[in-house]
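Every number in this text was worked out from the coordinates using simple rules, so none of it is lab data. Keep in mind that this is a model prediction, so the values were computed, not measured. Neighbour counts are summed over all protein chains in view; Cβ atoms, including those assigned to glycine, are modelled from backbone coordinates with ideal geometry.
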């Protein structure tokens with residue numbers, strides 16, 4: 001599971017040869033710079049005449065680039081929500097098709113538009129993260145320029161954004177429908193410093209008709225962030241954000257949700273070691289209940305770079321608060337915001353709410369293009385007064401207030417294969433053995449299998 005950088009990071013540098021390398025297909029397609037194809041000798045790929053359509057003979061930075069993404073994933077899940085309330089096995093095909101146009105008017109201005117058609121074939125229960133028939137995925141205007149000795153980046157419009165390992169703010173790539181935000185984003189970078197401020201209305205997804213996704217003032221999220229590279233052997237970042245959502249319901253409170261959030265992270269690598277430590281605190285209110293919630297996330301490891309297959313031993317330890325008293329007008333249930341579900345596993349069996357999670361694992365690379373991961377996860381509830389939760393923050397019926405902190409354990413196996421520069425495959429299998437609280441609620445052991453192909457052009 002590779003870490004992701006903050007959305008808005010710089011372009012990848014060109015290679016070290018005499019000619020610049022062809023751009024790679026990136027996680028954020030709008031970050032690709034195809035101006036290198038102004039050199040006809042590099043137009044060796046499929047339909048390169050559409051990857052770089054020049055707009056000016058004198059300015060190679062002015063061009064139009066077209067592209068697409070296609071993801072096909074078969075999933076088998078024999079116990080959604082551990083079978084509580086639904087004991088039927090489900091198997092289905094998730095399909096995501098996206099096309100985009102990237103217009104660069106010069107080295108400063110960019111207009112990016114992306115459309116998608118996302119379907120869940122034969123899935124028993126369709127949710128907003130499963131299906132989004134033809135709709136607008138992204139549409140924004142960006143501007144980049146040198147300002148006050150640094151680089152200023154501005155984006156306005158529908159866009160994707162994420163922070164760090166995407167524990168709490170993500171593009172939600174695991175499910176079929178990614179998360180976008182109607183937002184204003186400002187980013188200023190100078191040497192080791194970076195400052196970000198943003199405000200957004202997260203997009204809410206519907207699949208009744210084409211172009212029916214929307215955002216409004218009833219759901220808002222924004223804040224400010226500072227980053228500093230070279231703090232000891234790592235990088236330190238912190239941000240304050242504000243979460244607004246009207247008419248919500250938790251087990252211990254209901255009403256309009258207003259959370260003030262402070263997050264601090266320290267991450268780095270060196271000498272074979274790598275680490276990522278993050279802590280978040282939340283205050284505010286939901287209706288007439290005061291919010292006091294917190295979460296911790298850690299992931300660290302060591303890579304034996306000189307050994308065969310470069311084994312990487314790692315340990316992930318996470319925790320998030322639950323509500324210790326559902327009737328005291330103090331809400332302790334953590335809000336995971338916009339989580340990356342496969343930070344835990346792709347199966348989505350448990351959410352980052354009211355849990356303690358310990359997960360040792362091993363990743364090896366038999367070839368530069370093949371990565372194999374194996375891990376064992378152990379989970380408990382932070383408090384038995386609150387429920388066991390599944391992704392993203394859905395309580396499992398019949399678990400709140402019941403005895404038994406032990407949630408269960410799981411085994412995860414994952415393989416990722418970069419087949420070609422444009423095609424990648426992945427396979428993930430998870431088996432989860434439930435604890436006593438889930439069994440008493442009517443749950444049972446669960447198994448998940450996902451097989452995926454990703455094509456980008």
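Some observations on this one:
- Near-label residues of segment 115-134 by backbone N, under 20 Å of a point 7 Å along Cα→Cβ of residue 141: 115
- In this label model, residue 109 and residue 365 are separated by 4.1 nm, measuring between points 7 Å along each Cα→Cβ vector.
- Relative contact order, percent, segment 46-176 [alpha-carbon distance under 8 Å, six or more residues apart]: 17
- Where a label projected 7 Å from the Cα of residue 378 along Cα→Cβ would reach, residues of segment 307-332 with amide N under 14 Å: 315-318
- Between residue 216 and residue 294, the FRET efficiency from the beta-carbon distance, with R0 = 30 Å, is close to 0.55.
- Taken along the Cα-to-beta-carbon direction at a fixed 7 Å, the label points for residue 248 and residue 44 span 5.2 nm.
- Two-site label geometry, residue 226 and residue 397: point separation in nm, points 7 Å out along Cα→Cβ: 4.9
- Two-site FRET efficiency, residue 269 against residue 154, from Cβ-Cβ distance with R₀ of 41 Å, rounded to 0.05: 0.85
- Full extension of the chain segment joining residue 186 with residue 206 gains 4.3 nm, where the gain is 0.36 nm per residue of separation less the Cα-Cα distance.
- Taking 0.36 nm per residue of sequence separation and removing the Cα-Cα distance, the residue 306/residue 417 pair yields an extension gain of 37.8 nm.
- Between segment 169-235 and segment 271-345, the alpha-carbon center distance in angstrom: 19
- Remark: the residue 56-residue 451 segment gains 137.8 nm on full extension, using 0.36 nm per residue and subtracting the alpha carbon distance.
- Answer label, with semi-axes √(5λ) of the Cα gyration tensor in Å calculated from the coordinates and candidates [x] 45, 26, 20; [y] 37, 25, 23; [z] 51, 22, 22: [y]
- For segment 68-456, the relative contact order works out to 13 percent when only alpha carbon pairs closer than 8 Å and six or more residues apart are counted.
- For the chain, the 222 nm mean residue ellipticity estimated from helices alone, with every DSSP H stretch of n ≥ 4 adding -39500 (n - 2.57) and the total spread over all residues, rounds to -500 deg cm²/dmol.
- Segment 128-162-segment 369-411 distance, computed between alpha-carbon centres (Å): 34
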